[in-house]
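Notes follow the structure.
The values are calculated or read from the model by the stated rules, or taken from the named source; none is laboratory data. Treat the numbers as computed from the prediction; the structure is a model and nothing was measured. Every residue, glycine as well, gets a Cβ built from its backbone with ideal geometry; the counts of neighbours run over all protein chains shown.
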Amino acid sequence: MLSGGDDDIAGLVAAAAGGDAVAWEALVGRYAGLVWSVARAFGLDAADAADVSQTTWLRLAEHLTRLREPDRVGAWLAVTARREAQRTRQRSRRIVLDSWCGDGPDEGGDLDGALLRDERDALLWQRFSALSEPCKALLRVLMSDPPPSYVEVGEALAMPVGSIGPRRQRCLRALRKELDDATGVLR
């Protein structure tokens with residue numbers, strides 16, 4: 001098993017380019033969350049984001065043997081996903097706001113707990129939708145699993161790496177303020 005370093009990524013790319021299905025699956029497993037989150041950061045609904053993801057992976061398959069910097073395949077995928085998402089968004093001429101509230105397993109057995117979680121999640125995503133578009137895009141990309149590197153985030157959103165951390169803090173403060181305002185909590 002590869003440890004995930006830059007040499008390992010370049011090795012995965014080379015192996016996948018040579019037809020190794022296991023290497024291809026490892027690349028998809030490592031970067032699928034990044035590609036998905038970049039597509040969703042543009043406000044695409046699940047179906048459009050799935051189309052962007054599929055197209056992005058197709059583009060990688062088409063260019064796999066021609067990547068100049070195979071160790072930066074994550075950044076290449078982020079940029080390609082961003083471009084595909086922009087094309088999809090322009091084509092549809094509509095923005096669908098994300099209303100995702102977690103699709104994980106039920107965390108508890110009692111009805112009251114489930115209702116409280118649903119209410120909390122609904123409030124969170126309602127207040128999230130009040131954030132600026134740049135904040136929503138940044139936080140969506142940063143929420144992907146596994147988390148992308150700041151280089152990948154910077155390339156996905158066309159922003160300098162040095163501004164990601166400070167902007168993330170400002171966006172999280174803005175979200176906290178939105179939540180505090182909505183619940184009447186003063187900090």
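Computed values, structure above
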{"quantity": "All positions within the stretch 138-154 that are over 10 Å from GLY74 (Cα atoms) and assigned to a helix (DSSP H, G or I)", "calculated": "LEU138, LEU139, ARG140, VAL141, LEU142, TYR150, GLY154"}
{"quantity": "One residue from SER37, SER92 being closer than 27 Å to MET159 by Cβ, modelled with pLDDT of 75 or more and of a type in the set (Gly, Ala, Ser)", "calculated": "SER37"}
{"quantity": "Checking VAL52 against (1) surrounded by fewer than 15 Cβ atoms within 10 Å (Cβ to Cβ); (2) modelled with pLDDT of 85 or more; (3) of a type in the set (A, V, I, L, M, F, W, C), the condition it does not meet", "calculated": "(1)"}
{"quantity": "Residue satisfying all of: in the stretch 55-92; within 13 Å of ALA16 (Cβ to Cβ), of a type in the set (A, V, I, L, M) and over 14 Å from the mean Cα position of the chain (by Cα); surrounded by the fewest Cβ atoms within 10 Å (Cβ to Cβ) among these", "calculated": "ALA61"}
{"quantity": "Verdict on GLY165 being surrounded by 18 or more Cβ atoms within 10 Å (Cβ to Cβ) and out of contact with any Leu (no Cβ under 9 Å at 6 or more places or on another chain)", "calculated": "no"}
{"quantity": "Residues (in contact (Cβ under 8 Å) with a residue 40 or more places away in the chain and among the aliphatic types (A, V, I, L, M)) located in the stretch 143-181", "calculated": "MET143, VAL151, VAL153, ALA156, LEU157, ALA158, ALA174, LEU175, LEU179"}
{"quantity": "Filtered residues of the stretch 36-52 (kept if part of a helix (DSSP H, G or I) and closer than 27 Å to ALA130 by Cβ)", "calculated": "TRP36, SER37, VAL38, ALA39, ARG40, ALA41, ALA46, ALA47, ASP48, ALA49, ALA50, VAL52"}
{"quantity": "Restricting the stretch 124-144 to residues that are of a type in the set (Gly, Ala, Ser) and closer than 17 Å to ASP180 by Cβ, the residue that is surrounded by the most Cβ atoms within 10 Å (Cβ to Cβ)", "calculated": "ALA130"}
